[in-house]
1. Quick one: is residue 238 among the β-branched types (Val, Ile, Thr) and either crowded, with 21+ Cβ neighbours inside 10 Å or farther than 26 Å from residue 18 by Cβ (or both)?
2. Among the residues of the stretch 343-357 satisfying the criterion of being in contact with a Lys or Arg (Cβ under 8 Å, 6 or more places away or on another chain) and outside any helix (DSSP H, G or I), which is nearest to residue 259 (Cα to Cα)?
3. For the stretch 395-404, check the following and say yes or no: at least one residue is on the phi > 0 side of the Ramachandran plot, touching a Ser or Thr at 6+ places or on another chain (Cβ under 9 Å) and not assigned by TED's automatic domain parsing to the domain that holds residue 270.
4. Those residues that are free of Cβ contacts under 8 Å to residues at least 40 places away in the same chain and either closer than 15 Å to residue 267 by Cβ or among the small types (Gly, Ala, Ser) (or both), I need them from the stretch 33-53; list them, please.
5. Regarding the stretch 321-342, can at least one residue be identified that is out of contact with any Pro (no Cβ under 8 Å at 6 or more places or on another chain), over 27 Å from residue 425 (Cα atoms) and either outside any strand (DSSP E or B) or of a type in the set (Asp, Glu) (or both)?
6. Tell me whether the stretch 139-158 contains one or more residues that are crowded, with 17+ Cβ neighbours inside 10 Å, without any contact (Cβ under 8 Å) to a residue 40 or more places away in the chain and in contact with a helix residue (DSSP H, G or I) (Cβ under 7 Å, 6 or more places away or on another chain).
7. Listed residues 208, 162; which is surrounded by fewer than 23 Cβ atoms within 10 Å (Cβ to Cβ), in contact (Cβ under 8 Å) with a residue 24 or more places away in the chain and not assigned by TED's automatic domain parsing to the domain that holds residue 351?
8. Which one is farthest from residue 331 (Cα to Cα) among residues in the stretch 52-88 that are in contact with an Asp or Glu (Cβ under 7 Å, 6 or more places away or on another chain) and assigned to a loop (DSSP other than H, G, I, E, B)?
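The values are calculated or read from the model by the stated rules, or taken from the named source; none is laboratory data. None of these values were measured; they are calculated from a predicted model. Neighbour counts run over all protein chains shown; Cβ positions are idealised from the backbone, glycine included.
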Amino acid sequence: MHFNWEFSPNYYRQSLNTLETSLSQVAAYRSWQAYDPGREHPVDVRYAAMPVFHKTQILENFPDGLVPTDHDVRKGLESREIGLASTSGSSDISVTNIWNQQWWDASERASWKLNSYASKIATGDHPEAILANPLNVGRVSDTVDLPLEKRRLSRFLFLNEKTNPATWSPELMDRMINELDIFQPAILEANPSLLAKLCRYAADQSRKVFQPGLIVFTYEYPTKLHYRQISQVFDVPTASSYGSTETGYVFMQCEEGKFHQNSEFCRVDFQPLKSAHGGPLVGRILVTTFNNPWYYMLRFDVRDLVRVDEEGECPCGRNSGFILSAIEGRTISATLTCQGRLVTLRELDDALGGLNGIDEYRLEQTSEKSYDLYLVSRLPDKAGLTAEASEVLKGLYGQEARLSVIYKDALSPEDSGKYSVAKALFPIDIEKYLDERYVPKNAE
């Protein structure tokens, strides 16, 4: 496997400095010195020999084991140079992280340069509306509707304070639409599932909605249904921002639709899947953070699958760093065919995304050959949709698949506040599907 990625000399300097500091000064990685082939080897070879860092190891080493020996977490918290931030557990493990706001903001600013619309609109003091689950960001208030001033924070307006969007009332959605017109954000950042729900309502009510300069999708995977429903109401550029609480902003979708690495602030290592499961173009990524003196993530498994771009270049002209043609979805959203082939969320969505008459869907694989498809549909006669959906899923998972199509009035988010579009109700160890040639034998 060989890709013609372009990286700057500074990228390799940052990679080397981060590796050396981690191995010598950060307790969580000191034992990794045994895997290091030595300084005489190229930095890429040294990284490839290292183990993978998982969320469970954050729990084991938090907090002091994740900072260099010359940094004192207690003093950093007292001075408010850093804080603590808990993840919502979208990948089934919730952890507390050391939060460096200054570093986070700088990582975000660097990502804006990877999209021409964001680079023009995002000035750092631009008004931004956020439509997200308050379990992820914002203020929770399920019993009382909060006035606008209680949901303002600096240049941000949080449109939603309810943890379960299935309970949104018409009055609440009218309020969101009205506040967009009042606030007139330059950028609307949104969970795609929540924005799609608001757009279904706006389209049904023939409501005109303020058009921001850019919509940025984050927190969740944007499905074809989401895009279709949102485009009924918004006629503005969209971009998907990819990252995590642990690693900051890792990839940004450009105006041409490809994803570009935020290489000023992170290193990305790619481990392809076996060819039978989508490799060598599809695989998992491991992220190493740069420039954050308070939190060292080295080859961190963000538990996502991606598809690298075969061409290695983009019409937008940004050709430095990894270029992805697609985010394939969380590893926890992967399912298996009846023959045992791995199916990514993107592959499933490509299959189901062409169905009409669906508002929402969720697929659960309950056993080796059994699948439950939950649908929200307002079609009065659902027999045709049931047959069509079953045919699509049998074409994807195998004719022997046992399928149940179940209709719901609404789907609720997971405990994390994010929607699950697909999952297996049994463990799928992604390590078994990786190409062994790119997994260190002695670093498990």
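1. Considered against the rule, which asks whether it is among the β-branched types (Val, Ile, Thr) and either crowded, with 21+ Cβ neighbours inside 10 Å or farther than 26 Å from residue 18 by Cβ (or both), residue 238 comes out as yes.
2. Ranking the candidates gives 353 first.
3. Yes, some residue in the stretch 395-404 is on the phi > 0 side of the Ramachandran plot, touching a Ser or Thr at 6+ places or on another chain (Cβ under 9 Å) and not assigned by TED's automatic domain parsing to the domain that holds residue 270.
4. 34, 38, 42, 43, 44, 45, 46
5. yes
6. There is at least one residue in the stretch 139-158 that is crowded, with 17+ Cβ neighbours inside 10 Å, without any contact (Cβ under 8 Å) to a residue 40 or more places away in the chain and in contact with a helix residue (DSSP H, G or I) (Cβ under 7 Å, 6 or more places away or on another chain).
7. Step by step, each of 208, 162 is checked, and only 162 is surrounded by fewer than 23 Cβ atoms within 10 Å (Cβ to Cβ), in contact (Cβ under 8 Å) with a residue 24 or more places away in the chain and not assigned by TED's automatic domain parsing to the domain that holds residue 351.
8. Only one residue tops the list, namely 52.
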